[in-house]
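Student: This is the structure I have questions about; it appears just below.
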Amino acid sequence: MEMENAAGAQPVDDQAVADRIRNHCGLVPEPRGSLTAFDGRLVIDPDTRVVTVDGREVRLNRADVKLLRGLVELGEGVHEPYSIMWKVYNAPCHPHELRYPMTVLRAKLGEPTWIVRTEEGYGLRPPDLP
C-alpha cells in the first residue's frame, strides 16, 4: 500500500508523468533497446551509440543514431525528406536540412551505398556482399 502524506496526496510515478507530458506536447521519446536490420548486417544500440555494420563497429553520436534508427523504422524504400524529418525530429524542416546529416552518416557507415539518395528522398539499402 502506498503511503499518503498529510494532505492525502499519493507519491507520483515520475516516468508516467514524463510520458504524459511527452504525449501531450507531441514529443518523440528517445528509443530504447537495440534494433537489428537486414538479416543482422546492421545492428543499432542507442544506449551505447554503437552501430555494427557487417560485423564492424562504428561509433556514432546521438543525432546519427537517431537518424539511422528513424530510417530503419521507416522501412524499405525511399522516403520523402518531410517524412524522415517528422519521424526522426517530430518537426517540419526544409528538405535541404537533411543533406549534411545524411552525408555525415553515409561517411561514418563506411560504405556510401548504405544510404540511397534519389530525387524523391532518402532510403536505407545494404550494399551487395562481395
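The values are calculated or read from the model by the stated rules, or taken from the named source; none is laboratory data. Remember, predicted model here, so these are calculated numbers, not experimental data. Quick reminder, even Gly has a Cβ in these numbers, built from the backbone with ideal geometry, and neighbours come from all protein chains shown. Only protein heavy atoms, including side chains, enter the accessible area calculation; ligands, DNA and RNA are left aside. Shrake-Rupley method; radii C 1.70, N 1.55, O 1.52, S 1.80 Å.
Student: List the helices (runs of 4 or more DSSP H) that sit entirely inside the range 26-130 and contain at least 3 residues that are within 11 Å of the chain's Cα centre (by Cα).
Tutor: Values: elements: 62-74, 81-89, 99-109.
Once the helices (runs of 4 or more DSSP H) in the range 26-130 are filtered for at least 3 residues that are within 11 Å of the chain's Cα centre (by Cα), what remains is 62-74, 81-89.
Student: Moving on to the next point. Just give me the residues in the range 90-115 being surrounded by fewer than 11 Cβ atoms within 10 Å (Cβ to Cβ) and hydrophobic (A, V, I, L, M, F, W, C), in sequence order.
Tutor: Ala91
Student: Please give the number of the condition Leu74 fails out of (1) open to solvent by less than 20 Å² (accessible area, probe 1.4 Å); (2) of a type in the set (A, V, I, L, M); (3) out of contact with any strand residue (DSSP E or B) (no Cβ under 7 Å at 6 or more places or on another chain).
Tutor: It is condition (1) that Leu74 fails.
Student: Could you tell me how many of the residues in the range 78-89 are at pLDDT below 90 and surrounded by fewer than 14 Cβ atoms within 10 Å (Cβ to Cβ)?
Tutor: Count: 0.
Student: Is the range 25-33 home to any residue that is modelled with pLDDT of 60 or more and loosely packed, with under 14 Cβ neighbours inside 10 Å?
Tutor: Filtering the range 25-33 down to residues modelled with pLDDT of 60 or more leaves 32-33.
Those still in the list that are loosely packed, with under 14 Cβ neighbours inside 10 Å too: 32-33.
Yes - at least one qualifying residue is present in the range 25-33.
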